[in-house]
1. From 89, 48, which residue is surrounded by fewer than 18 Cβ atoms within 10 Å (Cβ to Cβ), in a loop (DSSP other than H, G, I, E, B), under 26 Å from the mean Cα position of the chain (by Cα) and modelled with pLDDT under 90?
2. Give the stretch 24-38 a look and list any residue that's among the hydrophobic types (A, V, I, L, M, F, W, C) and either buried (at least 21 other Cβ atoms within 10 Å of the Cβ) or outside the structural domain of residue 59 (by the TED database) (or both), or say none.
3. Look through 214, 194 and report the one residue that is assigned by the TED database to the domain that holds residue 102 and in contact with a helix residue (DSSP H, G or I) (Cβ under 7 Å, 6 or more places away or on another chain).
4. Please determine, by comparing only the residues of the stretch 18-37 that are under 30 Å from residue 68 (Cβ atoms) and among the β-branched types (Val, Ile, Thr), which one is modelled with the highest pLDDT.
5. Filter the stretch 218-234 for residues that are under 30 Å from residue 35 (Cα atoms) and surrounded by 15 or more Cβ atoms within 10 Å (Cβ to Cβ) and give the result.
6. I'm told residue 69 meets every condition in (1) touching a residue at least 40 places away in the same chain (Cβ under 8 Å); (2) in contact with a strand residue (DSSP E or B) (Cβ under 7 Å, 6 or more places away or on another chain); (3) among the hydrophobic types (A, V, I, L, M, F, W, C); (4) surrounded by fewer than 19 Cβ atoms within 10 Å (Cβ to Cβ) except one. Can you identify the failing condition by its number?
7. Test of understanding: among 128, 222, which residue is of a type in the set (A, V, I, L, M, F, W, C) and in contact with a helix residue (DSSP H, G or I) (Cβ under 7 Å, 6 or more places away or on another chain)?
Amino acid sequence: MTLTPNRKPYIYQVGECAILLRFSDDIDEFLPSYIARVASIVRYKLTPKPVNCVPSYTTLLIEFSGLKFDYKLIHEQLMSLLLELSSNPAPSSKNIIEIPVYYGEEVALDAARYSKEKGLSLQQLQEIHTSAEYQVHALGFAPGFAFMAQVPEMLQLPRLDAPRPRIAKGSVAIAGPQTAVYPEESPGGWNIIGRTPIELYNPQHDPMTVLSPGDKVRFIAISKRQFIELGGLL
């Protein structure tokens, strides 16, 4: 399925304070950037002004303040904004965001699992992971946690049966067709293959997150020395 700007989403009222736009039932490579464009225009032009817009794989959740709103009026505005968006060409593709990663044995906690189940050495794991370009589909689980796809099939493994109680900040991980970076220390059940020294979430910054839905990402392998020089902690 290829998404065109003229594709109309299904629009639902969710409780008293939110509206959900569903663009498709299937994940599509064109959806994240398109939904990000819709979210941007909604944030600035919708009345009453939303308190939050949450893009996801195939949906956009628009949240309002605790007061009830006029669903019919909001629906009309949304259709008008979508028509406005369809009449404007999409901007040129964003630059690829490069994230440096150290794929060392002391940080690749699940290298042994890849060796056992996929027959891959740590070097091969690194080469395959850095060969792909990923797209941010959604933010969730924790502030700044960006779900990215599509992981090459050779690296796809399910989550761990038992999550670890502590995953270090900056850990690069894989679960099925998705990859992500843990923005803060937290529990987690994804397969850990490396660590980045780069801070991807800071509540004192504007924006707070480096990554947003629709962004393109490439991971760049660095040495242990480079990791430490960039502020990485082991």
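The values are calculated or read from the model by the stated rules, or taken from the named source; none is laboratory data. Note that the coordinates shown come from a computational prediction; the quantities given were computed from them, not determined experimentally. Quick reminder, even Gly has a Cβ in these numbers, built from the backbone with ideal geometry, and neighbours come from all protein chains shown.
1. Numbers: 48 fails: under 26 Å from the mean Cα position of the chain (by Cα).
Among 89, 48, only 89 is surrounded by fewer than 18 Cβ atoms within 10 Å (Cβ to Cβ), in a loop (DSSP other than H, G, I, E, B), under 26 Å from the mean Cα position of the chain (by Cα) and modelled with pLDDT under 90.
2. Filtering the stretch 24-38 down to residues among the hydrophobic types (A, V, I, L, M, F, W, C) leaves 27, 30-31, 35-36, 38.
Matches in the stretch 24-38: 31, 35, 38.
3. Values: 194 fails: in contact with a helix residue (DSSP H, G or I) (Cβ under 7 Å, 6 or more places away or on another chain).
Answer to the check: 214.
4. Going through the qualifying residues, I end up with 19.
5. Residues of the stretch 218-234 that are under 30 Å from residue 35 (Cα atoms), as a first pass: 218-220.
219, the sole residue that qualifies.
6. Unmet condition: (2).
7. Values: 222 fails: in contact with a helix residue (DSSP H, G or I) (Cβ under 7 Å, 6 or more places away or on another chain).
Criteria check complete, one pass: 128.
Table: residues versus (1) acidic (Asp, Glu); (2) at positive phi; (3) within 13 Å of the chain's Cα centre (by Cα).
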| residue | (1), (2), (3) |
| --- | --- |
| 171 | no, no, no |
| 176 | no, yes, no |
| 179 | no, no, yes |
| 184 | yes, no, no |
| 187 | no, no, no |
| 198 | no, no, no |
| 204 | no, no, no |
| 207 | no, no, no |
| 225 | no, no, no |
